1. Whether any residue in the stretch 183-191 is modelled with pLDDT of 95 or more and not aliphatic (A, V, I, L, M) is what I want to check.
2. Would you call Leu109 in contact with a Leu (Cβ under 9 Å, 6 or more places away or on another chain) and outside any loop (DSSP other than H, G, I, E, B)?
3. Going residue by residue through the stretch 30-42, is there one that turns out to be touching a Phe, Trp or Tyr at 6+ places or on another chain (Cβ under 9 Å) and at pLDDT below 95?
4. Go through the stretch 94-115 and give me each residue that's crowded, with 20+ Cβ neighbours inside 10 Å and of a type in the set (D, E, K, R).
5. So is Lys146 in a helix (DSSP H, G or I) and at pLDDT below 95 or not?
6. If Leu82 satisfies every condition in (1) in contact with a Ser or Thr (Cβ under 9 Å, 6 or more places away or on another chain); (2) within 23 Å of Ser127 (Cβ to Cβ) but one, which is the exception?
7. Can you name the number of the only condition in (1) without any contact (Cβ under 8 Å) to a residue 60 or more places away in the chain; (2) exposed (fewer than 13 other Cβ atoms within 10 Å of the Cβ); (3) of a type outside the set (A, V, I, L, M, F, W, C) that Gly216 fails?
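The values are calculated or read from the model by the stated rules, or taken from the named source; none is laboratory data. Nothing here was measured: the structure is a model prediction, and the numbers come from that model. FYI the Cβ positions are ideal-geometry reconstructions off the backbone, even for glycines, and counts take in every protein chain you see. Protein only, heavy atoms only, side chains kept; ligands, DNA and RNA dropped before computing areas. Shrake-Rupley method; radii C 1.70, N 1.55, O 1.52, S 1.80 Å.
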Amino acid sequence: MLTPLVGHPLKKSVVIVGNDATGQFLTSYYVKALKAEGQEVPEVISYPPDTTDFSPFLTRAKSLNPDVVHFWYNGDSTLTALPQALELGVAPSYFLFGVDPGIWKERGLSADVPVAMSCVPICWGESSNANAKTYFKAYFAAGAPKGVTSSVSLLYYDYVHMLAEAWTKAGSLDPDKTVAALESLHHKGVVSDDLSFNKSHQVTHATEVCAAAPGGDISCAMQQPPAEAPAE
């Protein structure tokens, strides 16, 4: 979604991430995914928890001449770092993990370069998923707060229905029979047309990414999980 907005292929990425166990774990896989897409990732730049002045890390990122800077994974830190990055002109585009376009709009954010946002997993502020829109309308009407947990709540909503479906299929509440049923289920819910567990017992589901063009227009696209897991 960024490429047409930037106007040329994105070949070099720099990842800026919080230096904690979760950030290190997620980023190791994220870098593999970027490289699998043909991206060069010259450096992963880690910052200490509770950082508020990102200028040293952003200056380092700018020196690497990236096509896109990826902020992982803490949304609050990202929203502190991004305005500083824009002021320094670090990159011609940015990718924000865990920042919903709803937050983007509520805070009146804008940028003179394209900014992509990945929700976890579906966006509540600008979703392209009709089932999710219906869910979020009821969710917020019930008094739920708008934030990162809003998107995550979709999964737990579907998990409850998926578990009930597994009990029905197994004809039992026995844990082993329940697990066997879960392994074979492909549940159509609010988060995905196909919520299932792969051979490693990792949940697979749809995800949504949005892009804010300079000037403020936001577009979103949802990707369903592949029929087969990608090769290692």
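1. No: zero hits.
2. On the way: in contact with a Leu (Cβ under 9 Å, 6 or more places away or on another chain): yes; outside any loop (DSSP other than H, G, I, E, B): no.
Considered against the rule, which asks whether it is in contact with a Leu (Cβ under 9 Å, 6 or more places away or on another chain) and outside any loop (DSSP other than H, G, I, E, B), Leu109 comes out as no.
3. Scanning the stretch 30-42, I find at least one residue that is touching a Phe, Trp or Tyr at 6+ places or on another chain (Cβ under 9 Å) and at pLDDT below 95, so the answer is yes.
4. Of the residues in the stretch 94-115, the ones crowded, with 20+ Cβ neighbours inside 10 Å are 94-104, 114-115.
Correct list: Asp100 only.
5. no
6. If we test Leu82 against (1) in contact with a Ser or Thr (Cβ under 9 Å, 6 or more places away or on another chain); (2) within 23 Å of Ser127 (Cβ to Cβ), just (1) comes out false.
7. (1)
A quick yes/no check of all residues on (1) out of contact with any Gly (no Cβ under 8 Å at 6 or more places or on another chain); (2) under 22 Å from Asp100 (Cβ atoms); (3) hydroxyl-bearing (Ser, Thr, Tyr):
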residue	(1), (2), (3)
Met1	yes, yes, no
His8	yes, no, no
Lys12	yes, no, no
Asn19	yes, no, no
Phe25	yes, no, no
Ser28	yes, no, yes
Glu40	yes, no, no
Asp53	yes, no, no
Leu64	yes, no, no
